Structure formats: C-alpha cells, structure tokens
Amino acid sequence: VQLQACGGGLVQPGGSLRLSCAASGSIFLINNMAWYRRAPGNQRESVAIVSRGGTTSYTDSVKGRFTISRDNAKATVSLQMNSLKPEDTAVYYCYADTISTPFWGQGTQVTVSS
C-alpha cells in the first residue's frame, strides 16, 4: 500500500484546511485509516482514525474541530480541520493499516500562524 497526502499549508488562527490522502496498491486489504501529527519537539501523536466500517475516534484536543472521513471505494481519507489553533502546527502524516502491516504517507506541513 502506498499513501500520497496533500493539502497542507499556512493558515491563520481560526481558519480551515483540508488534508487528503489517496491509497494505492492492495487497497482491498486496508483496515483503519488515520492522520497523525508531529509538532516540533514532540512525539508523533494520533489525531483521528476511521475504521473500514466508518467508526471514528479523535484525540481530545481536536474534538469538535476536526472531522475525518474516508471513501473505501476510492481508498481515500480526508481530514477537515476547522478553527485551527497555533498548537495544531505540525507535520501531518496519513496512515493506513492491514491486518499485519502499518503504512505511512509522506508528511505534509500545517502551519497555523498570524
């Protein structure tokens, strides 16, 4: 499975961005899809995850502001980020897994600054 992410950029506090990620390869094996992030000086953390059946989970700091969605037919996962805060600044990574293997996309930078 290969993952290609896009959609990062610079946005002012309170603004919105949408990240998208497309999977290719053995997409029929994919179970969960997710977004992680790594802020400067911090460890990588899970932001949001969506199961193949559509069950979602979010880290507390983004609940009510971020929405993860996926299209199983197209093998895509998106992250709609609203009400962005400076502390959301990080490199965001697309993630997918099969029953036995995790896969990571390249990171995309999100910077929230005035």
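The values are calculated or read from the model by the stated rules, or taken from the named source; none is laboratory data. In this text the structure is predicted, and so the values were computed from the model without any measurement. Cβ: placed from backbone, ideal geometry, glycine included. Neighbour counts: every protein chain shown. Just so you know, the surface numbers come from the protein's heavy atoms only, side chains and all, with ligands and any DNA or RNA stripped out. Shrake-Rupley method; radii C 1.70, N 1.55, O 1.52, S 1.80 Å.
Which one is most open to solvent (accessible area, probe 1.4 Å) among residues in segment 101-114 that are in a loop (DSSP other than H, G, I, E, B) and touching a helix residue (DSSP H, G or I) at 6+ places or on another chain (Cβ under 9 Å)? It comes out as 114. Applying the set (1) closer than 18 Å to residue 4 by Cβ; (2) touching a residue at least 60 places away in the same chain (Cβ under 8 Å) to residue 75 leaves exactly one unmet item: (2). Annotation: residue 62 fulfils all but one of (1) closer than 21 Å to residue 114 by Cβ; (2) open to solvent by 30 Å² or more (accessible area, probe 1.4 Å); the unmet one is (2). Could you please give the count of residues in segment 45-55 that are open to solvent by 60 Å² or more (accessible area, probe 1.4 Å), in contact with a Ser or Thr (Cβ under 8 Å, 6 or more places away or on another chain) and polar (S, T, N, Q)? Residues in segment 45-55 being open to solvent by 60 Å² or more (accessible area, probe 1.4 Å), in contact with a Ser or Thr (Cβ under 8 Å, 6 or more places away or on another chain) and polar (S, T, N, Q): 0 in total. Within segment 1-44, if we keep just the residues that are aromatic (Phe, Trp, Tyr) and modelled with pLDDT of 95 or more, the residue that is most open to solvent (accessible area, probe 1.4 Å) turns out to be 36. For segment 66-88, residues that are open to solvent by 20 Å² or more (accessible area, probe 1.4 Å) and within 19 Å of residue 33 (Cβ to Cβ) total 9. The set of residues in segment 89-100 being closer than 11 Å to residue 32 by Cα, hydroxyl-bearing (Ser, Thr, Tyr) and surrounded by fewer than 16 Cβ atoms within 10 Å (Cβ to Cβ) consists of 98 alone. Screening segment 1-81 for strands (runs of 3 or more DSSP E) wholly inside it with 2 or more residues that are closer than 12 Å to residue 94 by Cβ returns the ranges 2-6, 17-24, 33-38, 45-50, 66-71, 76-81.
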